[in-house]
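Okay, structure first, notes after.
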């Protein structure tokens with residue numbers, strides 16, 4: 001019987017792409033951790049769909065880690081063009097909050113007038129931190145996905161019996177020994 005495991009790249013690409021897309025949209029990104037865990041679960045679903053062998057929790061964790069890495073990159077690429085919108089929303093939120101405060105800290109107006117652009121090294125550091133956190137959450141989602149979809153892999157290989165050729169004895173060989 002073919003014990004080859006299915007490829008993990010395509011399921012991780014699908015799960016990570018969906019999770020990264022949802023995590024990169026400004027208002028929807030409030031549920032970022034949930035999207036990354038869900039991306040790991042989606043990746044395991046597609047992995048289990050194509051698998052004819054039983055998958056272990058380690059398989060789910062691996063595809064979840066790959067899904068988390070892809071989600072971090074997709075989220076980074078999505079957030080670049082949406083950064084001005086997110087900055088405008090953040091400025092409006094701070095202006096609304098400042099109306100309810102009696103006294104703002106010194107230099108608040110000058111800080112608000114400056115743009116919210118971070119230096120390149122801070123952006124890249126944020127990407128590295130996202131990769132680490134998203135990988136851990138993706139691994140968690142992968143393990144959860146294995147516990148949900150493990151019966152799917154057993155059903156797909158059900159009914160196939162692999163019997164080695166030399167384990168079948170014929171009646172003539174049994175009679176000749178007696």
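Tabulated results
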item: Residue 28, sole failed condition from (1) within 30 Å of residue 146 (Cα to Cα); (2) free of Cβ contacts under 8 Å to residues at least 24 places away in the same chain; (3) surrounded by 13 or more Cβ atoms within 10 Å (Cβ to Cβ); result: (3)
item: Qualifying position, being more than 13 Å from residue 16 (Cα to Cα) and either free of Cβ contacts under 8 Å to residues at least 24 places away in the same chain or surrounded by fewer than 21 Cβ atoms within 10 Å (Cβ to Cβ) (or both), among 34, 97, 55; result: 97
item: Meets criteria (surrounded by fewer than 24 Cβ atoms within 10 Å (Cβ to Cβ), under 30 Å from residue 88 (Cβ atoms) and at pLDDT below 90) for residue 6; result: no
item: Check on residue 46, modelled with pLDDT under 95 and in a helix (DSSP H, G or I); result: yes
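The values are calculated or read from the model by the stated rules, or taken from the named source; none is laboratory data. Everything numeric in this text was worked out from a predicted model, so none of it was measured. Virtual Cβ from ideal backbone geometry, glycine too; neighbours counted across all protein chains shown.
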